[in-house]
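The next block holds one structure in the form of structure tokens; read it before the comments.
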Amino acid sequence: MSNEILKGVKILDFATMFAAPMAATFLSEFGADVIHVEWKKGDPARASLPRKDGVSLINKILNRNKRFITLDFHHEEAVELLHELVNWADVVVSNFRPESLRKFNLDYETLVKIKPDLIMLHFTAFGRTGPYAERPGFARIAESFAGLTYYTGWPDRAPSFSGNWIADGIGGIAGAYSIMLALYHKQNTGEGQLIDLSLYEPLMRIMEDFVINYSVSGQVKERAGNYNSSASPNNMYQTKDGKWMAVLGNPNMWLRLCQAMNRMDLTENPKFNTNDARVQNNLEIDQIVADWCATMTMKELDEVLIEHKVAHGPIYSAEDIVNDPHMWERESLVKMYDAELDQEVVVQNVFPKMSKTPGKIKWTGGPAGSNNEEIFLEMLKMSPERYKELQEKGAI
């Protein structure tokens, strides 16, 4: 078995933190050859916390499996070198604003003249069209614009950002999906194309009902904390040892939970005997479940819920994740040696798990420009004298 399902696909990635380069990384894990181009100061992601000995740990995951070169597009020679690499590539990935691409002659209209069948993923905050096309933006701007932030949090408090940059992660998956669609089209027709992907649209798309509900009923979805208008119980409950457990209850799970709590009387109570009734009396249900969970430790509660086949899950920290045997037996995590840090690190493994063509992490993200000589001297056949000249000039 091999991860080479995308062997032969060549991707030139001159995008910066986070969603766009992540899209290329996902494809690299299944065999695509990705060159990550950074300005001479490096991708801004390298300045992000957390760091170990001055080395950003985010880059280790964000740009793993890639080769790294540096160019300064303020120099004409650097742009010419990138154009040479465009001729090598099947796919180009960028998240520069449209005006920046035009400024440096890196826009699709220029690059497609170099490589007529080029696929270009242009990933921007607001998309290439519309009145906001030139606006800068990041994940939390996109999450706010898409509507997620508005209804995240508690009704008596301000809107809340999610705990991580959800728009970037979903955007990375959407970017990889978009490239695969374009590669499939190219395989069938020989044609490349421009992919215009905004950061907010994939996120807005997966929040299924809130827009259609407003269009039909005029109702605006508001912040509701952990309350779920479709099911109850649906919350996090604290255990006797101070940990937290998520317990969810659709109609079947509610019956099982009542059995686990030894409270079958609740199933006959008209306030709780239908899903709609339970949602309406959610606060009372929550208190009953919370009081019960508080009588047990996390381990004890887990055992009871497993015995009764109730859907549940512990609220895990990174420490909990690394110490859970399921993560290791399923290989959700993997240990890798990182040469830059000179130590073994634990990282999230590749997904999805393919039975015939599994993905693979070849290496963690390396230093900026660590493949300069390999790419410029060996692949592009540049003379050592020219290479040194461009280094001294600052183009490389």
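What follows is calculated from the coordinates using simple rules that are stated; it is not laboratory data. Source: prediction; values computed, not measured. Don't worry about glycine lacking a Cβ; one is built from the backbone with ideal geometry, like all the others, and counts go over all protein chains shown.
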Quote the charge dipole size of the chain about the Cα centre in Debye, to the nearest 20; the model charges only the Cβ of Lys and Arg (+1) and of Asp and Glu (-1). 280
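Can you give the extra length, in nm with one decimal, that the chain gains between Glu300 and Lys381 once fully stretched, where that is 0.36 nm per residue apart less the Cα-Cα distance?
Gain on extension, Glu300 to Lys381, equals 22.7 nm.
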Sequence-distant aspartates and glutamates (8 or more away, or on other chains) whose Cα lies within less than 12 Å of Lys335: Glu344
Packing-ranked peptide list from 180-192, 62-74, highest mean Cβ count within 10 angstrom first, is 62-74, 180-192
What residue among Ser94, Ser215, Ser370 shows peak mean-square fluctuation when the chain is described by a Gaussian network model with Cα springs under 10 Å? Ser215
Label-zone membership for the stretch 246-284, site Ser230, 7 angstrom Cα→C-beta point, backbone N under 12 Å: 250
Given 199-208, 17-26, the highest-first ranking by average Cβ count within 10 Å works out to 17-26, 199-208
Could you give the DSSP H helices of the chain that reach 18 angstrom or more along their long axis (alpha carbon positions) and whose average Kyte-Doolittle hydropathy is no lower than -1.0? 76-88, 166-189
Within the stretch 349-364, which residues have the backbone N less than 20 Å from the label spot 7 Å out from Glu4 along Cα→beta-carbon, could you tell me? 354-363
Length added when fully stretched, His83-Lys103, from 0.36 nm per residue minus Cα-Cα: 5.8 nm
Taking the Cα centre of the stretch 284-396 as origin, work out the dipole magnitude from +1 charges on Lys and Arg Cβ and -1 charges on Asp and Glu Cβ, in debye rounded to 20. 840
Option label - Rg and Dmax of the Cα atoms in Å computed here, alternatives (i) 23.7, 83; (ii) 25.2, 85; (iii) 21.4, 67: (ii)
Given points 7 Å out from each Cα along the Cα-Cβ axis, report the Asn250 to Ala133 separation in nanometres with one decimal. 4.4
Cα→Cβ-extended label distance, 7 Å offset, between Thr357 and Val55, nm: 3.2
How much mean residue ellipticity at 222 nm does the chain get from its helices, if each DSSP H run of length 4 or more adds -39500 (n - 2.57) and you divide by all residues, to the nearest 500 deg cm²/dmol? -10500 deg cm²/dmol
Show which aspartates and glutamates lie in cross-link reach of Lys115 when reach means a straight Cα distance below 20 angstrom and same-chain residues fewer than eight apart are skipped. Asp13, Asp33, Glu76, Glu77, Glu80, Glu84, Asp90, Asp107, Glu191, Asp196
Using the Cα centre of the stretch 256-396 as origin and beta-carbon charges of +1 (Lys, Arg) and -1 (Asp, Glu), tell me which of Met264, Ile396, Leu333 is placed farthest towards the positive end of the dipole. Ile396
Approximate spin-label separation Glu389-Ser332, in nm, with each point projected 7 Å along Cα-to-Cβ: 5.5
Quick note, the stretch 213-278: a/c under 1.5 would make it rounded; otherwise a/b > b/c is prolate and the rest oblate (a ≥ b ≥ c, C-alpha gyration tensor); here it is oblate
Name the residue from Ala45, Ile58, Leu81 whose Cα lies farthest towards the positive end of the charge dipole of the stretch 39-92, charges +1 on Cβ of Lys and Arg and -1 on Cβ of Asp and Glu. Ile58
Among Lys66/Lys388; Lys353/Lys381; Lys243/Lys309, the pairs whose Cα-Cα distance exceeds 29 Å are Lys353/Lys381
Please identify every one of the trypsin sites (Lys or Arg not before Pro) in the stretch 1-62 that sits in a loop by DSSP and has no more than 15 other beta carbons within 10 Å of its own beta carbon. Lys7, Lys41
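On a full-extension model of 0.36 nm per residue, what is the gain between Thr267 and Ala47, subtracting their alpha-carbon distance, rounded to one decimal in nm?
73.7 nm
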Are there any GluC sites (Glu not before Pro) in the stretch 306-377 that are in a DSSP loop and have at most 14 other Cβ atoms within 10 Å? List them by number. Glu331
